[in-house]
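To start, the structure itself, in structure tokens.
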Amino acid sequence: MSALQKEHLDLTEEVRAARDAARPVVALESTIVAHGFPYPANLECAREAERIAREEGAVPATVAILGGRIKVGLSDEELEHLATAPDIAKASRRDIPVLVARGSDGATTVAGTMAVAAMAGIRLFATGGIGGAHRGAQRTFDVSADILELSRSEVAVVCAGAKSVLDIGLTLELLETHGVPVIGYGTDEFPAFYTRGSGHGVDVRVDTPEEVARILRTKRELGMRGGTVIANPIPAEYELDALELDRAVETVLAEAEAADIRGKDVTPFLLARIHELTGGASEHANKELVYENVRLAARVANAL
Ligand code: PSU
Ligand code: MN
């Protein structure tokens, strides 16, 4: 971290001590808290994710921007603020300098969290799903900044794949183009968030945290920049019904088109409507897959 970066970053004592002693730290995003779930499910999920990281012997570092300070590790009051305040901005990479300069609040996306984790020297990050190429991206160019960040910042992202509101095939093509390894954890198929399979293969299958750690370590030794996707399928018992989900996806995509939703509003709109249409089942599945991802990220961080 450069001296100038340090002036803007607040690491909690717990995070700083763990990082300096090379003990395991797992970064967590905050868009999922501010925009990914309704209250109080969001706060419950955020607290439980931090608890699981600790249970697995890693320090959780939830990332957000509060009052223009880049926070790496949050207090419970700060988590509660993110979970309840109505006007928290969604903070991707490009939003960070603006929010910091203006002294504002922001909930970091996968791209935003990766950028901050890289500044803070944190190498593992757990989330729900990554952003990717939206359906019709060939025409609209709507590709998440998460993909580009994965080509830049050396952070491994444990996720349950990408939601089927996206074009998963195109998303995987872009990850290949940008040189991002896509590891299927215990699977040959790239998972589709609420379901274990997507019909698309992964780059490589790995079955233990130790082997994931070996790949990450080797990449670092080679001085190869950029991130890694560790795709961890949702446990079978929490999977949603694929047909019901497909119907909901068709409906929300048509709604977004009719309402002419664009830019950074697209993903939050789609996610919120899917939650509404599929009800408690998707909320439950979403929480459980996040917990699994935190567990795996902590285990890989330990193996590193
Ligand atoms: N996909 C999910 N859940 C999420 C997101 C994506 O299944 O919460 C959030 C993440 O924070 C991700 C962001 O980084 O949406 C991507 O937004 P966009 O498509 O605007 O880049
Ligand atoms: Mn977009």
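Please treat every number below as a calculation from the coordinates, not as lab data. What you see is a predicted model; the values in this text were computed from it and never measured. A quick note on method: Cβ atoms are made from the backbone with ideal geometry, for glycine too, and the neighbour counts reach across all protein chains shown.
Taking label points 7 Å from Cα along the Cα-to-Cβ direction, Met1 and Glu77 give a separation of 2.1 nm. With kT/(6 pi eta Rh) evaluated at 20 °C and eta = 1.002 mPa s, and Rh the Kirkwood radius from Cα pairs, the chain diffuses with a coefficient of 113 µm²/s according to Stokes-Einstein. Of the beta bridges in segment 124-304, as assigned by DSSP with both residues counted there, near 25 percent are antiparallel.
For the charge dipole of the chain, defined by +1 on Lys and Arg C-beta atoms and -1 on Asp and Glu C-beta atoms about the Cα centroid, which residue among Leu166, Ala58, Gly121 has the Cα displaced farthest towards the positive pole? It is Gly121, whose Cα lies furthest towards the positive end.
Applying the Kirkwood pairwise sum to the alpha-carbon positions of segment 1-122 produces a hydrodynamic radius of 14.1 angstrom. Remark: the Glu48-Leu222 segment gains 59.1 nm on full extension, using 0.36 nm per residue and subtracting the alpha carbon distance. The alpha carbons of segment 59-140 occupy a box of 42, 28, 23 Å along the principal axes, longest dimension given first. Seen through its C-alpha gyration tensor, with square-root eigenvalues sorted a ≥ b ≥ c, segment 89-230 comes out oblate because a/c lies at 1.5 or above while a/b is not bigger than b/c. Hydrodynamic estimate: the Kirkwood radius of segment 124-304 over Cα pairs, inserted into Stokes-Einstein at 20 °C and 1.002 mPa s, corresponds to D of 130 µm²/s.
With the convex hull constructed from alpha-carbon coordinates only, segment 148-233 shows a mean projected area of 5.0 nm² over all directions.
In terms of packing, defined here as the mean over residues of other Cβ atoms within 10 angstrom, the peptides 44-54, 169-179 line up highest first as 44-54, 169-179.
Candidate cross-link partners of Lys287 among the lysines, defined by an alpha-carbon separation under 18 Å and a same-chain spacing of 8 or more, comprise Lys163. The packing ranking, built from the mean of other Cβ atoms within 10 Å per residue, places the peptides 245-255, 118-128 in the order 118-128, 245-255, highest first. The alpha-carbon of Lys6 sits under 24 angstrom from the alpha-carbons of these lysines, leaving out residues fewer than 8 places away in its chain: Lys71, Lys90.
As a calculated quantity, the FRET efficiency between Glu14 and Ala281 at R0 = 45 Å, using C-beta atoms, amounts to about 0.80. Let me know the shape class of segment 2-62, please: from the alpha-carbon gyration tensor, a ≥ b ≥ c as square roots of the eigenvalues, rounded when a/c is under 1.5, otherwise prolate if a/b is greater than b/c, or oblate. Note, shape of segment 2-62 comes out oblate.
Measuring nothing but how far apart in sequence close Cα pairs (under 8 Å, 6+ apart) lie, relative to its length, the chain scores a relative contact order of 20 percent.
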